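The values are calculated or read from the model by the stated rules, or taken from the named source; none is laboratory data. This structure is a prediction, so every number in the text was calculated from the model and none was measured. Don't worry about glycine lacking a Cβ; one is built from the backbone with ideal geometry, like all the others, and counts go over all protein chains shown. Each accessible area value is taken on the protein alone, full model and side chains, heavy atoms only, with ligands, DNA and RNA left out. Shrake-Rupley method; radii C 1.70, N 1.55, O 1.52, S 1.80 Å.
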Amino acid sequence: MAEQRSITNSAREGSLDAPTRHPLDWKNPAFYEQASLDAELERVFHICHGCRRCVSLCHAFPTLFDLVDESSTMEVDGVAKSDYAKVVDQCYLCDLCYQTKCPYVPPHEWNVDFPHLMLRAKAKRHRDGETTLAAKVLSSTTAVGRLASIPVVVDVVNAANRAKPTRALLDKTLGVHPDARLPTYHADTARRRLGHLDGASAEFVPAGRTRGKVMLFATCYCNVSQPQVVEDLAAVLGHNGVAVELVAREVCCGMPKLELGDLDSVARYKEKNIPQLAAAARDGWDITAAIPSCVLMFKQELPLMFPDDADVQLVKRHMFDPFEYLWQRHQAGLLKIDFRNPLGKVAWHAPCHQRVQNIGPKTRDVLALVPGTEVTAIERCSGHDGTYGVKRKTYELSRKIAKPVEARIAQAAPDHFASDCPMAGAHLAHGLDDSPRAESPIGLLRHAYGI
């Protein structure tokens with residue numbers, strides 16, 4: 001079954017930390033040809049059907065296997081091509097199948113990249129005008145956040161998001177499940193709180209790949225919904241002698257639009273963000289963000305979409321997960337261990353988009369440095385995954401995916417529960433009736449320092 005390479009993976013890119021992955025050939029007209037797409041979907045689905053290792057990861061694979069098992073031939077050729085969309089709908093691009101399960105990823109001759117094939121199908125559908133207005137609104141996080149965080153407006157929005165009549169309206173107009181937890185908005189955003197940062201005046205000490213100067217990408221979500229997380233990150237970095245500043249101007253990293261298949265919008269966001277971040281990198285700054293999906297966007301997805309863009313590749317080299325950064329400083333003897341407060345038992349959830357960065361459980365490793373702390377690591381999908389966990393069509397499925405994680409948290413009986421992804425943490429805590437409530441690992445570290 002050594003079929004020719006797919007249009008999704010038409011050129012190669014190497015990595016020291018991950019399997020060889022090919023750039024996304026999204027500017028090639030053949031990328032959007034239905035016959036070519038259907039042929040590649042059938043080829044990959046046939047391989048997946050013969051393997052079935054990924055059945056426990058998400059609902060995309062059970063959907064595929066049910067379609068095959070219920071077909072007249074009990075093979076992929078018995079599945080109607082119109083039903084392929086049912087599989088695509090269940091993929092939220094967590095990337096775990098590619099990074100942790102699939103034995104047929106490049107450089108294997110079968111060349112399977114299931115997530116990027118699903119992305120290709122989403123992009124084809126979006127280009128054909130099949131994306132709903134509701135999906136476009138839900139993925140416009142920068143615009144929604146700016147509007148919702150306006151003083152006075154913010155109180156109205158937060159109250160409305162808790163009111164049953166409003167939730168019924170959101171269900172009818174945007175397809176948001178009435179029981180889904182929605183973010184709380186803050187007028188006192190992270191960018192307003194941290195606008196005073198002046199890292200340029202601080203001393204900095206390089207160590208390993210880190211340069212001792214960090215530019216914070218606030219993210220459209222944390223900026224308006226979790227500003228405390230960004231504030232905690234700045235405090236922890238500063239406590240450890242790292243110079244800190246905010247990116248001068250930013251918009252959404254593009255991950256919500258990527259998950260929609262709206263690659264043209266991703267490119268537009270890239271044109272606004274990358275010049276800012278690349279200039280910072282050239283000026284000696286490293287870059288981090290408090291949400292794994294945003295870090296992954298700059299580390300992986302944009303570099304695969306724009307493999308020949310030198311600025312994109314520069315940003316990739318200087319983008320870090322926060323705890324990846326802190327661990328590198330620790331290895332050089334530069335991380336302070338003057339902890340004042342033990343954390344007790346911590347149930348730590350590792351989000352998918354952090355796991356697929358191939359950095360290891362650095363959050364666990366750093367938290368474990370705190371005396372009187374025991375960390376239970378839970379490496380399984382939360383089921384939130386962007387808008388998947390709030391849409392009426394997928395909310396119940398997201399709760400089903402979350403159940404094993406929630407059971408592990410409850411079994412751990414922790415003093416603290418934390419996830420590096422604020423959205424995943426909130427989704428899991430919601431399923432546990434906020435007992436325990438979700439916290440951020442960086443906030444726990446700040447508490448341990450007593451700063």
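For the structure I just gave you, tell me whether PHE339 is part of a loop (DSSP other than H, G, I, E, B), open to solvent by less than 40 Å² (accessible area, probe 1.4 Å), farther than 18 Å from ARG21 by Cβ and modelled with pLDDT of 95 or more. When the stated conditions are applied, PHE339 passes them.
Of everything in the range 260-311, what is under 12 Å from the mean Cα position of the chain (by Cα), closer than 21 Å to ALA121 by Cβ and of a type in the set (Gly, Ala, Ser)? Give them in sequence order.
Of the range 260-311, the ones under 12 Å from the mean Cα position of the chain (by Cα) are 289-301.
Among the residues that remain, those that are also closer than 21 Å to ALA121 by Cβ are: 293, 296-297, 300-301.
Matches in the range 260-311: SER293 only.
Residues in the range 390-407 that are out of contact with any strand residue (DSSP E or B) (no Cβ under 6 Å at 6 or more places or on another chain) and over 19 Å from PRO436 (Cβ atoms): LYS391, ARG392, LYS393, THR394, TYR395, GLU396, LEU397, SER398, LYS400, ILE401. What number of residues in the range 206-245 are within 15 Å of HIS318 (Cα to Cα) and either within 21 Å of the chain's Cα centre (by Cα) or free of Cβ contacts under 8 Å to residues at least 12 places away in the same chain (or both)? The total comes to 5. The listed residues are ARG120, ARG146, ARG167, and the only one of them that is assigned to a helix (DSSP H, G or I), among the charged types (D, E, K, R) and out of contact with any Leu (no Cβ under 9 Å at 6 or more places or on another chain) turns out to be ARG146. Among the residues making up the range 199-221, those that are at pLDDT 90 or above and assigned to a helix (DSSP H, G or I) are CYS220, TYR221.
Give ILE409, ILE442, ILE401 a once-over and let me know the one that is in contact with a Cys (Cβ under 8 Å, 6 or more places away or on another chain) and part of a helix (DSSP H, G or I). Give the derivation first.
Working: ILE409 fails: in contact with a Cys (Cβ under 8 Å, 6 or more places away or on another chain); ILE442 fails: in contact with a Cys (Cβ under 8 Å, 6 or more places away or on another chain).
Among ILE409, ILE442, ILE401, only ILE401 is in contact with a Cys (Cβ under 8 Å, 6 or more places away or on another chain) and part of a helix (DSSP H, G or I).
Which one of the conditions (1) under 20 Å from the mean Cα position of the chain (by Cα); (2) in contact (Cβ under 8 Å) with a residue 60 or more places away in the chain; (3) more than 28 Å from PRO115 (Cβ to Cβ) does LYS257 fail to meet, given that it meets all the rest? Here LYS257 meets the rest and fails (3). Picking from residues in the range 47-57 that are buried (at least 17 other Cβ atoms within 10 Å of the Cβ) and modelled with pLDDT of 90 or more, the one that is nearest to VAL79 (Cα to Cα) is HIS49.
Answer yes or no: is there a residue in the range 17-35 that is modelled with pLDDT of 90 or more and closer than 24 Å to LEU397 by Cβ. Among the residues of the range 17-35, not one is modelled with pLDDT of 90 or more and closer than 24 Å to LEU397 by Cβ, which makes the answer no. VAL154 - would you say it is part of a helix (DSSP H, G or I) and touching a Cys at 6+ places or on another chain (Cβ under 9 Å)? No, not satisfied.
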